Amino acid sequence: MGSVDAEQAACLSEWKTAMSEFDFSLSHSQLALLFALIAIAGFSAFHYWRKRQILDVLLICCASICIAVLILDPRMVALDKVALIDSDDPHLNMAQLAQEMNKTQSAQLKGDGLSEAQWQDLPRIPVQWLAQAEKQKSTDIIDLDFPTHLPQGRVFTLTAAREQVQGEWRLQLLAENQTVLAEVRGKEKRLSLTWLPPVAERMVLQARLLDNKGKILEQGPIPLDVTSAQSLNIQARFAVPSFDTQTLNELFTQSQAKLDWQTRLGKTVTRLEANDELAIVNGSRSSSDGKRTPELVIQDAAYFKQSSALARTQLLQQVAQGSALILLGTNASDGNIWQREIGLRLVPSASDQELAVNTLMSLSPTSLVPHTNQNQDWRQSKERPWLAQRNWEKGQIIWLAVAGWHRYKISAPDALSLWWQDILDQSQVVKQQEWRMQAEQVMPLIGQRMRICSEGLAPQDLLLTPQNASHHLRASTDKADALCTAFIPSKSGWQEWQTQSAGKPTASGAFYVYQKKDWPTWQTAQRRAATAAFIASTALQSKSKQQSQKTIEKWPWVLGLMALMLMLWWREQRR
């Protein structure tokens, strides 16, 4: 009995599947004709049934079916084939999957999705993600965010985000010898830590996540390439020597900046400094670096005020072309000149209480402070009330209303350096880079296709060392003004590269390739993000998908109807 029921269920399922391929949507005229056909056919069949002419009844029923088919005009739905993608399959054959997707119009996805590199190798067809919401709720995914390349003097920031947090957890940054460099703890889903690299070098740090019991949730490599900062061209002019300007000179010298530094020691004596060169001369003359256009100009208020109108005009024209100007308000004495020249209103300071500029430093306010409440050009933030800034066409002007930072040269040198770096960031000092090379994938994996693109380089060869594998950079259709190439990395770790034109190197750098075992949950987060982006780009609308239809052939039904009517006529003629 069980086998019979199973066969009946299978037959019923096949019949339902077959019937589902037909579309029987009817108009009002079709319904009227169908009811008329049922009435006439029923009356005729009943008439012959009373005369016990069973064969004629069968002929009328068959003819009625043929006429009904012609009235209904059913359309058979041409159902599309659907490719199935099982992203959790460790033996997924990407070449075979690409062939299958080329033959279909849509696909269904199971699992956490594919990486960005894998999606780039597949046809762009609509994909339906099956049961993804339920799976995301049941797994704890870790997402990391950090820069892999950083100029020296910048703070490295590592951010870790978790989807499920129970109690307090910790994020640690470890050196290559497992020494803890920085640590942060909290109950939030997102934690961030900071660390200032002491030297410029290429390294592989470690990050570790621990729960409230000290159990390691996950640990993996953090590649970081700290490069020497590009030398800024800085022009500094001061009317009065001070410990603050001397400390500032030492900070810029340590950062390898190219300095054009002048400090007036009297009416006829000016001290000139060009990097480490020091000279004291009579009168005022330009240093050897004076011809170079500076990216940053620093002046104290007294020097700006004592300059001629022509010199001030030339300075502001230079700022309008893209330079940044930082004015130190320590020795400001007259507020009218600033209102007239740069539109800044200064008022006497309401208090001589020191202002906290960061967690380790408190500085004295200047006698005159900016008042920007009714000024649309100048702006001040609540986090930096001691700093006012404004746009000056392509450049920036900053007024610094605090003094006394030289006190922290010894007690808090890192805090002092970071504070001035923040000021430079606010002034938007930009050292133009001639070229840039960047990998598309956030987490390149060994054995997966990797694509890197360059800007500012002419078409040339990209040489991977030490393998000496050469790849040609060529124009890309999906990235304007960029040259790209793709390859499959064969080893993990830092991969050095250099570009060559006519056999001569033009640029060099390195990128990091992860092993397949590194950061498994971060890989899952990357796959989910890449899959969501791919699905959004294909604009899948599964519920309102339009299905192609085709009308079934009518001529067999017409021939069948004619044959049945002729047989009925022939039987009537014989009686």
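Observations on the structure shown:
- From the options 347, 442, residue that is at pLDDT 85 or above and under 30 Å from residue 309 (Cα atoms): 347
- Annotation note: Cβ proximity below 6 Å between a residue of region 174-202 that is without any contact (Cβ under 8 Å) to a residue 60 or more places away in the chain and a residue that is assigned to a loop (DSSP other than H, G, I, E, B) and surrounded by 15 or more Cβ atoms within 10 Å (Cβ to Cβ) (sequence gap 6+ or interchain) occurs for 189/165; 200/152.
- Within region 428-437, not a single residue is polar (S, T, N, Q), outside any helix (DSSP H, G or I), within 30 Å of residue 492 (Cβ to Cβ) and open to solvent by less than 20 Å² (accessible area, probe 1.4 Å).
- Close pairs from region 384-413: first in contact (Cβ under 8 Å) with a residue 60 or more places away in the chain, partner open to solvent by less than 30 Å² (accessible area, probe 1.4 Å) and among the acidic types (Asp, Glu), Cβ under 9 Å, at least 6 apart: 403/244; 404/244; 405/244; 406/244
- Flag for residue 176 being surrounded by fewer than 18 Cβ atoms within 10 Å (Cβ to Cβ) and within 24 Å of residue 444 (Cβ to Cβ): yes
- Tally, over region 366-410, of residues that are closer than 18 Å to residue 303 by Cβ and surrounded by fewer than 19 Cβ atoms within 10 Å (Cβ to Cβ): 1
- The number of residues in region 491-508 being at pLDDT 85 or above and not in a strand (DSSP E or B) comes to 2.
- Candidates 205, 191 - the one that is in contact with a Pro (Cβ under 9 Å, 6 or more places away or on another chain), among the hydrophobic types (A, V, I, L, M, F, W, C) and open to solvent by less than 70 Å² (accessible area, probe 1.4 Å): 205
- Verdict on residue 360 being assigned to a loop (DSSP other than H, G, I, E, B), open to solvent by 50 Å² or more (accessible area, probe 1.4 Å), in contact (Cβ under 8 Å) with a residue 24 or more places away in the chain and among the hydrophobic types (A, V, I, L, M, F, W, C): yes
- Highlighted here are the strands (runs of 3 or more DSSP E) found entirely within region 156-275 that include at least 1 residues which are among the polar types (S, T, N, Q): 156-162, 169-174, 190-195, 202-210, 216-227, 233-238, 258-264, 269-274.
- Scan of region 105-140 for residues that are of a type in the set (Val, Ile, Thr) and modelled with pLDDT of 85 or more, ordered by number: 125, 127
- Reported count of residues in region 162-173, each being aliphatic (A, V, I, L, M) and open to solvent by less than 20 Å² (accessible area, probe 1.4 Å), is 2.
- Annotation for region 33-54: no member residue is open to solvent by less than 30 Å² (accessible area, probe 1.4 Å), of a type in the set (A, V, I, L, M, F, W, C) and over 30 Å from residue 566 (Cα atoms).
- For region 511-530, the set of residues classified as over 14 Å from the mean Cα position of the chain (by Cα) and polar (S, T, N, Q) consists of 515, 521, 523, 524, listed by residue number.
- Positions within region 492-508 being over 20 Å from residue 218 (Cα atoms) and either open to solvent by 20 Å² or more (accessible area, probe 1.4 Å) or in contact with a helix residue (DSSP H, G or I) (Cβ under 7 Å, 6 or more places away or on another chain) (or both), in sequence order: 494, 496, 498, 500, 501, 502, 503, 504, 505, 506, 508
- Being farther than 28 Å from residue 437 by Cα, surrounded by 15 or more Cβ atoms within 10 Å (Cβ to Cβ) and at pLDDT 80 or above is true of residue 564.
- Residue 58 being open to solvent by 60 Å² or more (accessible area, probe 1.4 Å) and modelled with pLDDT under 80: no
- Flag if residue 417 is over 21 Å from the mean Cα position of the chain (by Cα), surrounded by 14 or more Cβ atoms within 10 Å (Cβ to Cβ), closer than 18 Å to residue 156 by Cα and hydroxyl-bearing (Ser, Thr, Tyr): yes
- Among the conditions (1) assigned to a strand (DSSP E or B); (2) loosely packed, with under 15 Cβ neighbours inside 10 Å; (3) not charged (D, E, K, R), residue 453 misses just one, which is (2).
- Residues being at pLDDT 85 or above and either surrounded by 14 or more Cβ atoms within 10 Å (Cβ to Cβ) or within 30 Å of residue 52 (Cβ to Cβ) (or both) - total across region 520-561: 14
- Residue satisfying condition, being assigned to a helix (DSSP H, G or I), farther than 30 Å from residue 527 by Cα and modelled with pLDDT under 75, within set 70, 33, 12, 37: 12
- Selection of helices (runs of 4 or more DSSP H) fully inside region 296-357 by the criterion of at least 3 residues being more than 14 Å from residue 236 (Cβ to Cβ) and open to solvent by 10 Å² or more (accessible area, probe 1.4 Å) returns 309-320, 336-341.
The values are calculated or read from the model by the stated rules, or taken from the named source; none is laboratory data. Note that the structure is a prediction, hence the values are computed from the model and not measured. Note that each Cβ is placed from the backbone with ideal geometry, even for glycine, and that neighbours are counted across all protein chains shown. These accessible areas exclude ligands, DNA and RNA; they are computed on the full protein's heavy atoms, side chains included. Shrake-Rupley method; radii C 1.70, N 1.55, O 1.52, S 1.80 Å.
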